[in-house]
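Worksheet for the structure shown next.
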Amino acid sequence: MRRGLIYTLLLVLCAQGADPLAQDMLVAHNAYRERLGLRKLVWSDKLAKVAQAWADKLIKRGKLEHQQLPATGENLFEVTGGGATPDDVVHDWASESLDYEYASNRCHSMCGHYTQIVWRNTHEVGCAVARTERREVWVCEYSPPGNVQGQRPY
């Protein structure tokens with residue numbers, strides 16, 4: 001019986017992707033979505049591969065800029081001279097909630113990272129990080145994309 005339970009647990013972990021980055025990014029994203037009563041995001045390996053390819057390019061180019069993918073939303077984060085955790089990255093994006101006013105559906109400064117995290121119609125996320133000795137670039141891709149002009153995130 002015990003061996004069967006362990007086997008089942010291993011199957012579940014493999015099916016969910018035991019990648020610590022994936023698990024930590026999902027937990028961090030879904031904590032903010034849960035506060036608003038939104039459906040949890042699920043991990044997409046396909047989006048994670050897109051995110052990794054872009055993070056690698058940004059590291060090589062020494063830049064931080066969005067790629068133009070109409071089928072996905074995208075959040076970027078950069079650290080120079082140190083490192084970040086998935087929780088640090090998502091918390092930074094989510095801190096933009098202070099600039100978002102739900103009643104008027106307006107952003108008073110920058111809030112697009114936050115609204116992408118909590119976009120009601122977004123169901124999948126895939127993230128990646130690329131590193132050098134002195135720099136980290138984090139990329140998350142979202143599907144379907146959020147931040148549709150004139151629509152509320154939730």
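Of all residues being in contact with a helix residue (DSSP H, G or I) (Cβ under 7 Å, 6 or more places away or on another chain), part of a helix (DSSP H, G or I) and over 14 Å from Val118 (Cα atoms) in the range 72-90, which is most open to solvent (accessible area, probe 1.4 Å)? Just the residue, please.
The qualifying residue most open to solvent (accessible area, probe 1.4 Å) is Asp87.
Is it fair to say Arg35 is among the charged types (D, E, K, R) and either within 15 Å of the chain's Cα centre (by Cα) or modelled with pLDDT of 95 or more (or both)?
Yes, satisfied.
Given the conditions (1) loosely packed, with under 15 Cβ neighbours inside 10 Å; (2) of a type outside the set (Lys, Arg); (3) within 17 Å of the chain's Cα centre (by Cα); (4) part of a helix (DSSP H, G or I), which single one is not true for Trp93?
Exception for Trp93: condition (1).
Please enumerate the residues belonging to the range 66-90 that are within 16 Å of the chain's Cα centre (by Cα) and not hydrophobic (A, V, I, L, M, F, W, C).
Within the range 66-90, His66, Gln67, Thr72, Gly73, Glu74, Asn75, Glu78, Thr85, Pro86, Asp87, Asp88 meet the criteria.
For residues that are over 12 Å from the mean Cα position of the chain (by Cα), more than 16 Å from Trp93 (Cβ to Cβ) and open to solvent by less than 30 Å² (accessible area, probe 1.4 Å), tally how many sit in the range 38-58.
Summing the residues that are over 12 Å from the mean Cα position of the chain (by Cα), more than 16 Å from Trp93 (Cβ to Cβ) and open to solvent by less than 30 Å² (accessible area, probe 1.4 Å) in the range 38-58 gives 2.
Do you know which residues across the range 40-70 are at pLDDT 95 or above and assigned to a loop (DSSP other than H, G, I, E, B)? Before the answer, list the steps.
Step one: of the range 40-70, the residues at pLDDT 95 or above are 40-67.
Answer for the range 40-70, where residues must be at pLDDT 95 or above and assigned to a loop (DSSP other than H, G, I, E, B): Lys40, Leu41, Ser44, Gly62, Lys63, Leu64, Glu65, His66, Gln67.
Are any of the residues in the range 134-146 exposed (fewer than 15 other Cβ atoms within 10 Å of the Cβ) and under 20 Å from Met25 (Cα atoms)?
Yes, some residue in the range 134-146 is exposed (fewer than 15 other Cβ atoms within 10 Å of the Cβ) and under 20 Å from Met25 (Cα atoms).
Among the listed residues Arg106, Arg131, identify the single one that is over 20 Å from Glu78 (Cβ atoms) and either open to solvent by 50 Å² or more (accessible area, probe 1.4 Å) or modelled with pLDDT under 95 (or both).
Numbers: Arg131 fails: over 20 Å from Glu78 (Cβ atoms).
The unique qualifying residue is Arg106.
Exactly one condition in (1) without any contact (Cβ under 8 Å) to a residue 40 or more places away in the chain; (2) surrounded by 12 or more Cβ atoms within 10 Å (Cβ to Cβ); (3) closer than 21 Å to Val118 by Cα is false for Leu69; which is it?
Failed condition: (1).
Checking Tyr114 against (1) surrounded by fewer than 19 Cβ atoms within 10 Å (Cβ to Cβ); (2) outside any strand (DSSP E or B), which single condition isn't satisfied?
(1)
The values are calculated or read from the model by the stated rules, or taken from the named source; none is laboratory data. Model, not experiment: these values are computed from the prediction. As a convention, Cβ positions derive from the backbone with ideal geometry for all residues, glycine included, and neighbour counts pool all protein chains shown. Heads up: the accessible areas ignore ligands, DNA and RNA and are worked out on the full protein's heavy atoms, side chains in. Shrake-Rupley method; radii C 1.70, N 1.55, O 1.52, S 1.80 Å.
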